[in-house]
Amino acid sequence: MTTIPFEARRFQSTAAYYTRYRVPYPDELIERIAERGGLAPGERLLDLGCGPGQLGIAFARLARAAVTGLDPEPEMLEVAHADAAAAGVDVTFVKGSSYDLDSRFAPLKMTVMGRSFHWMDRLATLTALDEITVADGCVVLFGDRHISSTPDWRQAVSTLAETFAPERNADRERRKAPDWIEHESILLRSPFNDLERISVVRERKLGLDDIVGRAFSTSVTSPQALGERTAAFDAELRHSLLKLSPEGTFAEVVEIGGLIARRS
């Protein structure tokens, strides 16, 4: 089974772009997940691989959960602290990773992960969560699925990623390899094998800065990964995008969802 090697500082240069340019999690989705997962005010929630804490902050704000965010990247946690303060919610942020799960975080009612599960030893993570999650608790994997992009700006980003960051791009391609096991199959092998998906579909309008910022928010084409090639990548991407849309306007349709995993 393919496991992507753990690299604690992989996202150190993406924090400034992550919250602003990644596909956001709509409030109504957070509220539906909280209700369906039986999350009551004051119950403990772990935002695992929290990054800048969008999910944890949202659950603290909308569901009044007692939230802890765990992430190995200090720059991400710095942004998370600032964003939680701006949102007026109390969230505890801890430096660490899925390899640090222990009784400190118990008893958990819900663990949420936003586009982070694929960076972990997935079965080991679920085994550790099983030991610190209450009997009626759950794990929720959040993510987004591309439906369409107009014009097809995603292909322009992918083509340049192959040229400017071939090693990082190869890491991403591992999730398309024949031996990559999808999250759903991993969950079905785990104690959290009762699965339910809740999602919403949204159309989003984007400009040049939005697409360049999205590229910089990923580990593949982050400023850290690109290094001294960052400015050249930025210029080449903008040039490619303007050839697709001289007005610099784009759209995407995305499905944003949460996969709830309970014990059967």
Which angle from 0 to 90°, rounded to the nearest 10, does the C-alpha axis of helix 27-36 make with the longest principal axis of the chain?
30 degrees
Long-range HN-HN contacts of L108 with modeled amide H, under 5 Å:
T133, V134
Please give the helix 122-132 orientation as an angle from the longest Cα principal axis of the chain, in degrees from 0 to 90, rounded to the nearest 10.
30 degrees
Along each principal axis, Cα extent of the chain, largest first, Å:
54, 40, 32
Residues of the range 233-264 with the amide nitrogen closer than 15 Å to a label point 7 Å from the Cα of Q155, along Cα-to-Cβ, please.
240-245
Relative contact order (percent) for the chain, with alpha-carbon contacts under 8 angstrom and 6 or more residues of separation?
25 percent
If the convex hull is drawn through the Cα atoms of the range 30-129, its volume per residue in Å³
88 Å³
In Å², and per residue, what accessible area does the chain have when probed at 1.4 Å with the other protein chains present?
45 Å²
Gain on full stretching of the segment that runs from T127 to D90 - 0.36 nm per residue minus C-alpha separation:
10.5 nm
How high is the relative contact order of the range 52-207? Use alpha-carbon pairs under 8 Å, at least six apart in sequence, and give a whole percent.
18 percent
Running Debye on the range 217-264 with equal point scatterers at the Cα sites and no solvent, what base-10 log of I(q)/I(0) appears at q = 0.15 Å⁻¹?
-0.64
Tally Lys and Arg at +1 and Asp and Glu at -1 over the other residues with C-beta under 13 Å from the C-beta of P52: what net charge comes out?
-3
Bridge type composition, the chain - antiparallel percent by DSSP, nearest 5
60 percent
Degrees separating the helix 153-164 axis from the principal Cα axis of the chain, which is the longest one
80 degrees
Accessible-area composition of the chain, carbon plus sulfur, in percent [1.4 Å probe]
49 percent
What whole number of Å gives the distance from the Cα centroid of the range 19-45 to the Cα centroid of the range 65-139?
14 Å
I want the local charge near R20. Using Cβ-Cβ distances under 10 Å, sum +1 for each Lys or Arg and -1 for each Asp or Glu among the other residues.
0
May I ask you to order 86-92, 34-40, 14-20 by the average number of other C-beta atoms within 10 Å around their residues, highest value first?
14-20, 34-40, 86-92
Under 14 Å, Cβ to Cβ, from A66 - net charge with Lys/Arg +1 and Asp/Glu -1:
+2
The range 101-258: proportion of alpha-carbon pairs further apart than 25 angstrom, %:
45 percent
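The values are calculated or read from the model by the stated rules, or taken from the named source; none is laboratory data. Every value quoted in this text rests on a predicted model; they were computed, and no experiment measured them. Cβ sites come from the backbone with ideal geometry, for glycine too, and all protein chains shown count toward neighbours. Note: accessible area is taken over every heavy atom of the protein model, side chains too, but ligands, DNA and RNA are not part of it. Shrake-Rupley method; radii C 1.70, N 1.55, O 1.52, S 1.80 Å.
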